[in-house]
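Reading through the structure tokens given below for one structure.
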Amino acid sequence: MFFNRHKEVRSGWAIAICFFAVSSVQGIVLTVVQMGMLFAAGHQTLEEMLKGAMALSTNPVVLLLANAITCAGCIFLFKLLYGRPLAQLGLTKQRWAARLIHGLVFGIGAIVLVFLVLLLTGQAEIRRVNFRAVLSGPFLLSLLMFISVGFGEELMSRGFFMSALKTTRNKIVIIVGPALLFSLMHAANPNVTFLSLANIFLIGIAFA
């Protein structure tokens, strides 16, 4: 039930354990951190705490911590359940800096390309440019946070989930499975639509 004929943990169990374990630890740790931050800021009533917690849910520091928990949890559970080298999770020391830079440049280029298309087709416009904000602490912290979000999502989706599904020895499942899970992970996003989820699924296929 829990192991396949190769004595490996079945992918379904591994994915469920990873998702719920990481989510649970995130929930506990982030709740304690948020309550501590709110109490230190002078929020003492339950109503103030709840309102403050909602505001802190998008705080860059809180999200950085959440993604650090995601990465640590995926690495720990991968070693615990499969005992394989971390290179199979996508983490390797070989040319890691060059690969990181290539990935960041590709990501920035893709976003700029989409923005240019929107700009040229009249679906977006530039009203004001604030160059000082680009070098400000809040902007750089937010940039680091978004990079960590991408890293955490990829480590879980294309790292842990895909590696777990390799135990099925089925290429279609290995590629489509993580893409579908990656799409469903964004189902609670603000202003989500069927088209946006379909696009996330398709980019998951491309990343695979």
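The values are calculated or read from the model by the stated rules, or taken from the named source; none is laboratory data. These numbers were taken from a predicted model, which means no experiment stands behind them. All Cβ positions, glycine included, derive from the backbone under ideal geometry; neighbour counts span all protein chains shown. Accessible surface is based on the protein model in full, side chains and every heavy atom, while ligands, DNA and RNA are left aside. Shrake-Rupley method; radii C 1.70, N 1.55, O 1.52, S 1.80 Å.
Evaluated with a Cβ-only charge set (Lys, Arg +1; Asp, Glu -1), the range 87-208 carries a dipole of roughly 340 debye about its Cα centre, given to the nearest 20. Think of the range 80-208 as having a plus end and a minus end, set by charges on the Cβ of Lys, Arg, Asp and Glu; of Gly122, Leu89, Gly177, Leu89 sits farthest toward the positive end of this dipole. Taking the 1.4 Å solvent-accessible surface of the chain as the whole, the part contributed by carbon and sulfur is 72%. Helices from the chain with mean Kyte-Doolittle at least -1.0 and a Cα length along the axis of 30 Å or more, per DSSP H: which? Passing helices, by number: 11-40, 60-81, 96-120.
With a Cα cut-off of under 20 Å and a minimum spacing of 8 residues unless on different chains, the lysine pairs in the chain number 5.
Note that the chain presents 68 Å² accessible area per residue, ligands and nucleic acids not counted, probe 1.4 Å. Of Leu77, Leu100, Leu141, the residue with the greatest mean-square motion in the GNM of the chain, using alpha carbon springs below 10 Å, is Leu100.
A simple charge model with +1 on the Cβ of Lys and Arg, -1 on the Cβ of Asp and Glu and nothing else charged puts the dipole of the chain at about 860 debye relative to its Cα centre. When Met35, Met162, Met1 are compared by accessible area at a 1.4 angstrom probe, the order from most to least is Met1, Met35, Met162. Scan the range 134-204 for trypsin sites (Lys or Arg not before Pro) in coil per DSSP, keeping those whose Cβ has at most 15 other Cβ atoms within 10 Å, and list them by number. Taking the range 134-204 and a limit of 15 other Cβ atoms within 10 Å, the loop trypsin sites (Lys or Arg not before Pro) found are Arg169. Shape summary of the chain, radius of gyration then Dmax from alpha carbon positions: 19.7, 61 Å. Each distinct pair of alpha carbons in the range 62-147 adds a 1/r term; the inverse of their mean, the Kirkwood radius, is 16.4 Å.
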